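Beneath this line is the structure, given in structure tokens, with notes to follow.
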Amino acid sequence: MGTDDLQRNFEGYLNTPLLWHNTEVYGLKQCVLRDSVALLFTEKVPRHLRLGKLVERFVSHQLIADTTRHILAENVQIQEGKRTIGELDVIFMATDGPIHLEIIYKFYLYDPNEGSNELSRWIGPNRKDCLLQKLDKLKIKQLPLLYHPLTQSMLNDMEIKVHEITQQVLFKAQLFLPLGYQQKVFFSLNPDCVQG
């Protein structure tokens, strides 16, 4: 991926709104990063990096450029023997204490015939996943990984007590409505995420 393409991707990431703001959705609090501190993306990244991993590099770039925050650990694999049981995206220090941040960037299509509420009607492009499944995975699997006994030894090495850590997500998404769809669909999500 050329430097110009990478910069355009970074700007596209910066311009993608948070999926929700000013409130919690599904008990999850959004982390708000300052866009103005990192307008140029100068980092080298491997070719053919998956979108999720590329977005993690963009977030890391923002955190490094923000003098009020300091990265303590990134992409921490929690392993039990040879088996990986999960990964913590980022732990960083903010002015009010350490934060465990899970990073998500998704595309969802609105299907008015799917599910029974706003969150269950947003489906992935291949219909194999949906927003509600991702939120469940965050709540049931990804965020609780912080409290796993194997994670505790890593936190002890960093001299961080688990009860001091706040958990947040950085959940950005591009949403697509059916052509000409006029009914109200947004009650807790950010309508600025609609791209088409």
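The values are calculated or read from the model by the stated rules, or taken from the named source; none is laboratory data. Treat the numbers as computed from the prediction; the structure is a model and nothing was measured. Please note: Cβ atoms are built from the backbone with ideal geometry, for glycine as well, and neighbour counts cover all protein chains shown. Side chains are part of the model used for accessible areas, which takes the heavy atoms of the whole protein and leaves out ligands, DNA and RNA. Shrake-Rupley method; radii C 1.70, N 1.55, O 1.52, S 1.80 Å.
Structure notes:
- Pairs with C-alpha atoms separated by more than 27 Å, drawn from the list K106/K161; K82/K106; K44/K128; K82/K137; K44/K82, are K106/K161; K82/K106; K44/K128; K44/K82.
- Accessible area in square angstrom per residue, segment 1-53, 1.4 angstrom probe: 67
- Accessible surface for segment 68-196, divided over its residues, is 54 Å² per residue with a 1.4 Å probe.
- Antiparallel bridges, percent of DSSP beta bridges restricted to the chain (to nearest 5): 60
- Distance from segment 121-196 to segment 51-115 (C-alpha centre basis), Å: 10
- Full-extension gain in nm, N15 to N126, via 0.36 nm per residue minus C-alpha separation: 37.5 nm
- Exposed-site-free run, longest, the chain (rule: GluC sites (Glu not before Pro); DSSP loop; at most 15 other C-beta within 10 Å): 44-113
- Heavy atoms of T84 accessible to a 1.4 Å probe, total area in Å² rounded to 10: 60
- Taking the protein heavy atoms of segment 104-152 in the context of the full set of protein chains, the accessible area attributed to carbon and sulfur is 53 percent at 1.4 Å.
- Alpha carbon convex hull of segment 28-101, volume per residue in cubic angstrom: 127
- As computed over segment 117-177, the Cα convex hull volume per residue (Å³): 117
- In nm, spacing of pseudo-spin labels at F186 and S116 (7 Å Cα→C-beta vector): 2.6
- A simple count of charges around K141, restricted to other residues whose Cβ falls under 12 Å of its Cβ and scoring Lys, Arg +1 and Asp, Glu -1, yields 0.
- Built amide H within the under 5 Å cut-off of L49, gap 5+: none
- Over the chain, dividing the summed -39,500 (n - 2.57) contributions of all DSSP H runs of at least 4 residues by the number of residues returns a 222 nm mean residue ellipticity of -7000 deg cm²/dmol.
- Those chymotrypsin sites (Phe, Trp or Tyr not before Pro) in segment 106-192 that DSSP places in a loop and that have at most 11 other beta carbons within 10 Å: Y181, F187
- Once log10 I(q)/I(0) by the Debye sum over Cα atoms at q = 0.10, 0.14 Å⁻¹ is calculated for the structure shown, the corresponding label among (1) -0.40, -0.82; (2) -0.46, -0.89; (3) -0.51, -0.94 turns out to be (2).
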